[in-house]
Amino acid sequence: MTCNTFYYFVHGKTHDLYGLLILILLNIILYLLTNISLVKFIAIADIVISTGIFVDLWSHCFHH
């Protein structure tokens, strides 16, 4: 069984991935705009976790 993940992504069928991309973008902005080390640490941790989930969902064609 093949899965055309890129087709689903560009045709609006992967709302969870869009949400993860927005979360990653917001954390990057937060990281760049703050000087509080705890907030920077949380932003980096959130970026790492969100990126991992994004890659996992993409590689498994949105299901396990």
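When segment 7-64 is limited to residues that are assigned to a loop (DSSP other than H, G, I, E, B) and of a type in the set (A, V, I, L, M, F, W, C), the one that is most open to solvent (accessible area, probe 1.4 Å) turns out to be I36.
Per-residue answers, yes or no, for (1) acidic (D, E); (2) modelled with pLDDT under 95; (3) in contact with a strand residue (DSSP E or B) (Cβ under 6 Å, 6 or more places away or on another chain):
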position	(1), (2), (3)
F6	no, yes, no
D16	yes, yes, no
L25	no, no, no
L32	no, no, no
V39	no, no, no
T51	no, no, no
V55	no, yes, no
S59	no, yes, no
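Looking across V39, V48, one residue alone is more than 21 Å from F62 (Cα to Cα) and among the β-branched types (V, I, T). It is V39.
The values are calculated or read from the model by the stated rules, or taken from the named source; none is laboratory data. All of these numbers come straight from a predicted model, not from anything done at the bench. Don't worry about glycine lacking a Cβ; one is built from the backbone with ideal geometry, like all the others, and counts go over all protein chains shown. Each accessible area value is taken on the protein alone, full model and side chains, heavy atoms only, with ligands, DNA and RNA left out. Shrake-Rupley method; radii C 1.70, N 1.55, O 1.52, S 1.80 Å.
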